[in-house]
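> Below is a structure I'd like to ask you about.
The values are calculated or read from the model by the stated rules, or taken from the named source; none is laboratory data. Given the structure is predicted, the values throughout are model-derived calculations rather than measurements. Backbone-built Cβ (ideal geometry, glycine too); neighbour counts: all protein chains shown.
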Amino acid sequence: MSIALALSAMVLLGSTHFINGVLARFYPPLNITCYTHLGGALVGFAGALLFSHWEPTVWIWGALTGIGSALGAWLLYQGLARAPFAIVVPASAPH
């Protein structure tokens with residue numbers, strides 16, 4: 001079951017990045033990043049309220065992780081707005 005959930009999460013993440021990369025050619029990448037991460041933050045916050053404990057260190061690390069993720073996505077969409085996918089995606093992949 002965990003493998004199926006992990007695969008479905010990666011398919012959704014990849015398709016989201018692809019769709020947002022296409023949209024970045026027509027709209028400002030910063031807007032796409034803000035709307036995408038705002039929606040994700042609302043869903044994550046709701047899940048955290050339902051299934052988590054109120055420990056300050058956990059919330060601080062979660063906020064820092066969200067900021068880092070938004071910065072990385074914004075830079076990815078900036079690249080996808082300016083160059084072909086075949087160049088940007090391999091260059092931005094972790095090694």
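> Here is a check on your reading of the model: is residue 32 surrounded by 10 or more Cβ atoms within 10 Å (Cβ to Cβ), touching a residue at least 24 places away in the same chain (Cβ under 8 Å) and on the phi < 0 side of the Ramachandran plot? First the steps, then the outcome.
Working: surrounded by 10 or more Cβ atoms within 10 Å (Cβ to Cβ): yes; touching a residue at least 24 places away in the same chain (Cβ under 8 Å): yes; on the phi < 0 side of the Ramachandran plot: yes.
Considered against the rule, which asks whether it is surrounded by 10 or more Cβ atoms within 10 Å (Cβ to Cβ), touching a residue at least 24 places away in the same chain (Cβ under 8 Å) and on the phi < 0 side of the Ramachandran plot, residue 32 comes out as yes.
> Can you tell me how many residues in the stretch 39-95 are of a type in the set (Gly, Ala, Ser) and over 29 Å from residue 27 (Cα atoms)? I'd like the intermediate steps shown before the answer.
Initially, the stretch 39-95 is screened for residues of a type in the set (Gly, Ala, Ser), giving 39-41, 44, 46-48, 52, 62-63, 66, 68-70, 72-73, 79, 81, 83, 86, 91-93.
Going one step further and asking which of them are over 29 Å from residue 27 (Cα atoms), we end up with 47-48, 52.
Total meeting the criteria: 3.
> What residue, of 40, 47, is under 16 Å from the mean Cα position of the chain (by Cα) and in a helix (DSSP H, G or I)?
Working: 47 fails: under 16 Å from the mean Cα position of the chain (by Cα).
Step by step, each of 40, 47 is checked, and only 40 is under 16 Å from the mean Cα position of the chain (by Cα) and in a helix (DSSP H, G or I).
> If only one of 62, 47, 40, 79 is within 24 Å of residue 22 (Cβ to Cβ) and either at pLDDT below 90 or in contact with a His (Cβ under 8 Å, 6 or more places away or on another chain) (or both), which one is it? Please lay out each step first, then the result.
On the way: 62 fails: within 24 Å of residue 22 (Cβ to Cβ); 47 fails: within 24 Å of residue 22 (Cβ to Cβ); 79 fails: either at pLDDT below 90 or in contact with a His (Cβ under 8 Å, 6 or more places away or on another chain) (or both).
Sole residue among the options that is within 24 Å of residue 22 (Cβ to Cβ) and either at pLDDT below 90 or in contact with a His (Cβ under 8 Å, 6 or more places away or on another chain) (or both): 40.
> Out of the residues in the stretch 42-87 that are in contact (Cβ under 8 Å) with a residue 40 or more places away in the chain and aliphatic (A, V, I, L, M), which is surrounded by the most Cβ atoms within 10 Å (Cβ to Cβ)?
Step by step, filter the stretch 42-87, then rank; the result is 80.
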